[in-house]
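See structure below.
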Amino acid sequence: NTKAFIFDLDGVIVDTAKYHYLAWQKIANALNIDFTHEHNELLKGVSRVRSLDIILELGNIQASQEDKDKWLIQKNEDYLTYLVDMDQSEILPGVLTILQFLKEKNQAIALGSASKNARPILEKTGIISYFDVIVDGNDVTNAKPDPEVFLKAARLLNINPEDAIVFEDSVAGVQAANIGKMTSVGIGSKTVLHEAKYIFEDFTLIDESFINDLISQ
Ligand code: G16
Ligand code: MG
């Protein structure tokens, strides 16, 4: 039995949400917009362009496309400075164990991320070779909760959506998996991710028997 195991990136494999937050905060501060950790939750799984719109809405600011483009470039340049020193130590607990186990079981592994910086992050953390397929923000036109990113990954792996399992930390991502008729596994808070079929606080709580059951289903 071969299934497709599709991983989200930010918040699932690495904790880059903190770097996105710092970079957005600089933009928000310069515009006198109050941007808290709670506000940052709204940006998880959301594209860069949409994230800026959400921040501008928080501050009730109307901006020209020219200004928006400038801030989007600034945000990404600042975000990239946090990635310079990134290494394997930033992989979230339990992730490597699961990737190794899936490989031993000859399962198909994909990345399904909204980020346009996914490849360099997988390279820096040394895990890019685990992924048979990478679909990221450069490859899709519709953002989560649209299932495009996950459907595309499953199609490239030649596996039916019904035989795909998606690991996600965002509400939009869980919804995308459900809409795509895939098995959604939420990584994070039970209250936030209640729409997921299964929910675990983190990957250390996922054991081999759970994965084996998914494979034989
Ligand atoms: C991620 C993050 C979002 C971020 C988006 C775009 O997606 O969760 O906060 O805004 O990527 O990232 P970038 O600016 O690097 O293109 P995911 O789907 O990996 O959680
Ligand atoms: Mg995420």
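The values are calculated or read from the model by the stated rules, or taken from the named source; none is laboratory data. Just so you know, these numbers come straight off a predicted model, no measurement behind them. In this analysis, Cβ positions are derived from the backbone assuming ideal geometry, glycine residues included, and neighbour counts consider all displayed protein chains.
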task: Kindly list the number of the only condition in (1) in contact with a Leu (Cβ under 7 Å, 6 or more places away or on another chain); (2) of a type outside the set (A, V, I, L, M); (3) more than 9 Å from ligand 1 (Cβ to nearest atom) that fails for residue 51.
output: (3)
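What about residue 118, is it within 29 Å of residue 86 (Cα to Cα) and modelled with pLDDT under 95? Steps first, answer last, please.
Values: within 29 Å of residue 86 (Cα to Cα): yes; modelled with pLDDT under 95: no.
In short, no.
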query: Hey, any hits in the stretch 48-57 for a residue that's closer than 16 Å to residue 19 by Cβ and within 16 Å of ligand 2 (Cβ to nearest atom)?
result: yes
field: helices (runs of 4 or more DSSP H) lying entirely in the stretch 8-102 (those with 3 or more residues that are surrounded by 19 or more Cβ atoms within 10 Å (Cβ to Cβ))
entry: 17-30, 48-58, 65-83
field: All positions within the stretch 191-217 that are modelled with pLDDT under 95 and not aliphatic (A, V, I, L, M)
entry: 191, 217
message: For the stretch 129-165: of the residues being under 21 Å from residue 42 (Cβ atoms), at pLDDT 95 or above and in contact with an Asp or Glu (Cβ under 8 Å, 6 or more places away or on another chain), which is nearest to ligand 2 (Cβ to nearest atom)?
response: 149
task: Working only within the stretch 108-126, note down all residues that are within 16 Å of ligand 2 (Cβ to nearest atom) and either among the aromatic types (Phe, Trp, Tyr) or in a loop (DSSP other than H, G, I, E, B) (or both).
output: 113, 114, 115, 116, 117, 125
